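Notes for the one structure printed next.
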Amino acid sequence: MAAAASAATMAKRAPLTYLTPEPQGPAAELNDVAETGASPSLATRYLGLDLRSPLVASAGPLSQSVEGIKELADTGLGAVVMYSLFEEQIRRQEARQVALLERHEEAFAEALNYFPEPEELGSQDIIRNYLQLVEDAAKAIDIPLIASLNGATHGGWVDTARQLQDAGAAALELNIYMVPGDLGVTGAEVEERHLEILAGVKQAVDIPVAVKLSPYFSSVGQMAIALDEAGADGLVLFNRFLQPDIDIERLEVVPGVELSTPFEARLPRTWIAVLHGKLRASLAGTSGVETVDDVVKYLLAGADVVMTTSALVRHGRGYASTLVDGLGQWLSRKDLTLDRVRGMLAVPEEARASGYERAGYVAALQRAKTRYGA
């Protein structure tokens, strides 16, 4: 099995080792002048797909209608990731259909009009509505539409991936949101679950599959390598863990859903900088994108594309044009191309990543002592 083989490879693979780099700065790179005076091209590739720009609308509430998706596509975005279809929704829908069919199974065979019609199986047919939206939106826009599946177990629900492909999705983003509640579940079991889900989805579809994962692994780098070797076409870093809060007056646990802030981009950017050039899979940065500066930072770290939803929720779908145009203006001002910028500040290939990051950690603490110390 592909997943099991990948897990074995992950366990045996030696840690990444590189030589500690000599101190160096990017100033010389920023003086590189583009050969032509034309506006820099923003065209890029992600998951093997051609995109007109590296800015992508991430999964979120702005993609719930054809009109909303068209508005996003008209801003200059390179692609749109639809809101997620959840494993629980699929299972609930299937259970409801089975229950309705069983309720009518004792009816007389002659009473054909008594057998439930498709409409009776639920006016809120989540799967059918989602598939219809994918089909209609894919035809209405001229950029890739990426469907999103959110799940945490391996099972029959992954068959929906094939339906999404048939509906016209250009790619699939697999959002594995797994928070183990069983204290007996080991880290190895969590990692294996990710690989099994990926293997199941890859077996079901021919379109590219990206995996959106969390940063909460004992070794994010090894998990990234394992997913890459298991066939992931891209990695989206990172899924946000939505921590609940406590209402001390009502004595209740309340869901916590907050828009991301620029500070949250530091963790995914750090790992993108480490992984750049080490994987076959594309790298997408998400979380903490508010301004053009945030987009540029992700690209400098090595992201193939930069995703955002929070900024578009705050400022409207049209704000994407501001980010796309701003990126082009920044490249022109620096006389740089997109290819030249991407990964400019990633961890050098000859560097030992752990030592490189450790050096940055120590430097940051020393600076804090100077800045805040008495």
Space enclosed by the convex hull of the alpha-carbon atoms of region 223-289, per residue, Å³: 108
Ellipsoid equivalent to region 172-321 - semi-axes via the Cα gyration tensor, in Å: 25, 23, 14
Distance in nm between pseudo-label sites at Q132 and E189 (7 Å out along the Cβ direction from Cα): 4.1
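Are any of the pairs K70/K297; K202/K334; K278/K334 more than 31 Å apart by Cα-Cα distance, and if so, which?
K202/K334
For E349 and T153 in the same chain, what is the full-extension length gain: residue separation times 0.36 nm, less their Cα-Cα distance, in nm?
Numbers: separation 196, 0.36 × 196 = 70.56 nm, distance 3.55 nm.
Result: 67.0 nm gained on full extension.
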Distance in nm between pseudo-label sites at S41 and D245 (7 Å out along the Cβ direction from Cα): 4.7
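So for each of 312-324, 271-283 I average, over its residues, the number of other beta carbons within 10 Å; can you give me the resulting order with the highest mean first?
271-283, 312-324
Only the coordinates and a few stated rules stand behind these numbers; no lab work does. Source: prediction; values computed, not measured. All Cβ positions, even for glycine, are placed from backbone atoms using ideal geometry, and neighbour counts span all protein chains on display.
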